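**Student:** Structure in structure tokens, see below.
The values are calculated or read from the model by the stated rules, or taken from the named source; none is laboratory data. What you are looking at is a predicted structure, and each value in this text was computed from that prediction instead of being measured. Note that each Cβ is placed from the backbone with ideal geometry, even for glycine, and that neighbours are counted across all protein chains shown.
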Amino acid sequence: MELVAPLSEKETAQKSYQLFNVVMQAQASLAYSQEKKWDASRLTMYGAYKWDRFLSWVEEPRDILGFLNHHFYLATRGGQNQDEPIQNALRALAYASSSTTIEALKLFDPTEPSFARGICYVFQDDKPFQLRKAALFFLPLIADRWFNTPHPIMEPDQMRSLCVDWASAVDGMSTPTMSRRPLSQFSSV
Amino acid sequence: MINSSHWRAHIVVEKWKLLEYFTSVPDDSQPLKRCIDNLELMEAIKKVANPAAMVFGLAILWLKYKELIPEVREQLETVTKEVAQDRRTDLDMYLSVMDSELRKAEDALTQFFFLLQHLYPTTAR
């Protein structure tokens, strides 16, 4: 306790973020299995992005995207509840992305089917509020490559479901997220 | 999403009202720029079952009028006239209904006074 108690949320978050990067870069071995690696990554991701008052800036999103992809796979294919790690990863990307992160995100393909399936999955009606909120704020970062494409990236049924879930997530936000006044307040429109 | 012909059809009808928050979009937003330059968007918005879509769509374009390409300006002016014409028809119909209802009410009142005068010839005026 003497070692842990003096740590502030900021320090915990920063150290956890650094540890997350170390864990993700580490090679799995006999002594350090892939499973243990994912356990450690979940723990450090939790420490880094669970706090509301402090979020470490994401410098290089590749590891977080790898983490997110893996947990999307476990949730959508393995039927496991991975809401917490997915939520933390989405919070990192949605709320703590710098211009460097956004540039780096351009190298990532968000239209890859398993990733797209994961995003649709977290928008579902029964998902926790914070998870849907993080997904809602993450979507603009990939919107260009989802919506501005010559060909649709998913089947019409999937698009319809996502639009319904997205609309319900917007309705679920208890307070307006927009900082400026809506257009209707400027005139009688 | 509204700029994409693939996605537009799937937008939940009530959510077109979110266009009212367009002022929250940064002025240099590329998706916004693509939307206001999109010649097919106006025709698509006309078909949306939510009338708010057209009202907000037109309002956004008029607020961005100086930035519009000539083709969109021309389209905007034409569509605005069409909408105004439709509204004129709605207003005429509304006034005509009001007029006829007013006439019915006046007739009913006249009949009421007539009946009252017949029943109470000394008090009713």
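**Student:** So, in segment A:117-141, how many residues would count as being closer than 17 Å to residue A:163 by Cβ and hydrophobic (A, V, I, L, M, F, W, C)?
**Tutor:** Residues that pass the stated criteria total 8.
**Student:** Only one residue in A:136, A:107, A:131, A:93 is surrounded by fewer than 20 Cβ atoms within 10 Å (Cβ to Cβ) and either among the aromatic types (Phe, Trp, Tyr) or within 24 Å of residue A:44 (Cα to Cα) (or both), so which one is that?
**Tutor:** After applying the criteria, what remains is A:136.
**Student:** Can you tell me which residue is modelled with the highest pLDDT among those in segment A:14-31 that are part of a loop (DSSP other than H, G, I, E, B) and farther than 22 Å from residue A:73 by Cα?
**Tutor:** A:29
**Student:** Among the residues of segment A:50-81, count how many are in a helix (DSSP H, G or I) and within 21 Å of residue A:103 (Cα to Cα).
**Tutor:** Residues flagged as in a helix (DSSP H, G or I) and within 21 Å of residue A:103 (Cα to Cα) within segment A:50-81 amount to 8.
**Student:** For segment B:30-67, which positions are of a type in the set (Lys, Arg) and farther than 22 Å from residue B:10 by Cβ?
**Tutor:** B:33, B:64, B:66
**Student:** Separate question: Any residue in segment A:148-162 that is touching a strand residue (DSSP E or B) at 6+ places or on another chain (Cβ under 7 Å) and more than 9 Å from chain B (Cβ to nearest Cβ)?
**Tutor:** No, segment A:148-162 contains no residue that is touching a strand residue (DSSP E or B) at 6+ places or on another chain (Cβ under 7 Å) and more than 9 Å from chain B (Cβ to nearest Cβ).
**Student:** For segment A:167-189: of the residues being more than 8 Å from chain B (Cβ to nearest Cβ) and at pLDDT 90 or above, which is farthest from residue B:26 (Cα to Cα)?
**Tutor:** Taking the candidates together, the pick is A:168.
**Student:** May I ask you to list the residues in segment A:37-71 that are of a type in the set (Asp, Glu) and under 25 Å from residue A:109 (Cα atoms)?
**Tutor:** A:59, A:60, A:63
**Student:** If you take the residues of segment A:37-63 that are touching a Leu at 6+ places or on another chain (Cβ under 7 Å) and in contact (Cβ under 8 Å) with a residue 40 or more places away in the chain, which of them is surrounded by the most Cβ atoms within 10 Å (Cβ to Cβ)?
**Tutor:** Filtering segment A:37-63 for residues that are touching a Leu at 6+ places or on another chain (Cβ under 7 Å) and in contact (Cβ under 8 Å) with a residue 40 or more places away in the chain, the one surrounded by the most Cβ atoms within 10 Å (Cβ to Cβ) comes out as A:49.
**Student:** Further question on the same structure: In segment B:74-89, what residues are surrounded by fewer than 14 Cβ atoms within 10 Å (Cβ to Cβ) and over 15 Å from the mean Cα position of the chain (by Cα)?
**Tutor:** B:74, B:77, B:78 - these are the residues of segment B:74-89 that are surrounded by fewer than 14 Cβ atoms within 10 Å (Cβ to Cβ) and over 15 Å from the mean Cα position of the chain (by Cα).
**Student:** Among the residues of segment A:11-33, which ones are under 20 Å from residue A:61 (Cα atoms) and either touching a Leu at 6+ places or on another chain (Cβ under 8 Å) or polar (S, T, N, Q) (or both)?
**Tutor:** Once the filter is applied, which keeps residues that are under 20 Å from residue A:61 (Cα atoms) and either touching a Leu at 6+ places or on another chain (Cβ under 8 Å) or polar (S, T, N, Q) (or both), segment A:11-33 yields A:12, A:13, A:14, A:15, A:16, A:18, A:21, A:25, A:27.
**Student:** OK, next. Among the listed residues A:52, A:39, A:125, A:109, identify the single one that is within 20 Å of residue A:10 (Cα to Cα) and more than 12 Å from the chain's Cα centre (by Cα).
**Tutor:** None of the other options fit; the residue is A:52.
**Student:** Examine segment A:90-101 for a residue that is in a helix (DSSP H, G or I), out of contact with any Ser or Thr (no Cβ under 8 Å at 6 or more places or on another chain) and β-branched (Val, Ile, Thr), and state whether such a residue exists.
**Tutor:** Taking every residue of segment A:90-101 in turn, at least one turns out to be in a helix (DSSP H, G or I), out of contact with any Ser or Thr (no Cβ under 8 Å at 6 or more places or on another chain) and β-branched (Val, Ile, Thr).
**Student:** Follow-up question, since we're still on this one. In segment A:136-160, how many residues are within 24 Å of residue A:93 (Cα to Cα) and not in a loop (DSSP other than H, G, I, E, B)?
**Tutor:** Going through segment A:136-160 one residue at a time, the tally reaches 14.
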